[in-house]
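Peer 1: Sharing a structure here in structure tokens format.
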Amino acid sequence: MAEASSNGTEIHGIAIFAAYAMAFLELGTFIPTIPILAFCASIIYKTSILHRNLKGILLAQLFGIMMNLWPRAFMLIDQIFVAKNIFLLPPNFISGASTAALIFNNMAGHVLIVERICATVYVDTYENYRSWAFTALWLLITKLLRNSSAVLPFEETAAQPLDTDGRPISERIQQEKQDKEAYFKQLASAWGDNRS
């Protein structure tokens, strides 16, 4: 029995070590990623070869990647160095920021596909189209979609545990609290009536 217990403890220790190793590895990749993103952004911004719409989409994607790095780095630094618990869940604002950046990048990838299809279909006239209207429109649509459907606090999206009657436990607790308050008010009222 003691041998099985030490085996489980050993496996548990290996799992924790592996989780910390992966976290350090991920955090280590952020250090070279930031200058690479800055370099790519400067090259894309300065080039005149790319169409303005494509340039806008690529710069937005680089910005989205950068915005995904910061919450993730904050979370890893908090887990590794501050809380010293790699399995700690991040705060809701960190989860929301990471989710928003990922969704923005996914949507920007789809916009890139649409833009390239438009460039292919309207090949004769597309090169002369130099307005920022396309980029402004897709940024607005992507922002509205991201804000309307994707980023919710964790509690609102989590499954609610149910009691034996099929009601959410939080509702039952709230009802019990209201019942107790009503009971104590009634008790205080009866106590006041009896004293007079």
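Peer 1: Are there trypsin sites (Lys or Arg not before Pro) in region 1-106 that DSSP puts in a loop and that have at most 15 other Cβ atoms within 10 Å, and which ones?
Peer 2: Within region 1-106, the qualifying trypsin sites (Lys or Arg not before Pro) (loop, at most 15 other Cβ atoms within 10 Å) are LYS84.
Peer 1: At q = 0.08, 0.12, 0.13, 0.20 Å⁻¹, what is the base-10 log of I(q)/I(0) for region 2-158 according to the Debye formula with one equal point scatterer per Cα and no solvent? Please give it to two decimals.
Peer 2: So the normalised log intensities are -0.37, -0.69, -0.77, -1.25.
Peer 1: Related question: Using the Kirkwood formula on the Cα atoms of region 26-112, what hydrodynamic radius do you get, in angstrom to one decimal?
Peer 2: Numbers: mean 1/r = 0.0701 Å⁻¹.
In region 26-112 this quantity evaluates to 14.3 Å.
Peer 1: Return the distance in nm (one decimal) between the two label points of a simple spin-label model at ALA21 and THR120, each offset 7 Å from Cα along Cα→Cβ.
Peer 2: Each label point lies 7 Å from its Cα, and together they span 4.4 nm.
Peer 1: How far, in nm, would the chain grow between ALA182 and ILE43 when pulled straight, counting 0.36 nm per residue and subtracting the alpha carbon separation?
Peer 2: 43.2 nm
Peer 1: Next question, about the same structure. Compute the separation of the alpha-carbon centres of region 13-70 and region 74-112 and state it in Å as a whole number.
Peer 2: What the calculation gives is 14 Å, centre to centre.
Rule-based calculations on the coordinates, nothing more; no lab input. Bear in mind the structure is a predicted one, so any value in this text is a computation, not a measurement. With ideal geometry, Cβ positions are generated from the backbone for all residues, glycine too; neighbour counts draw on all protein chains shown.
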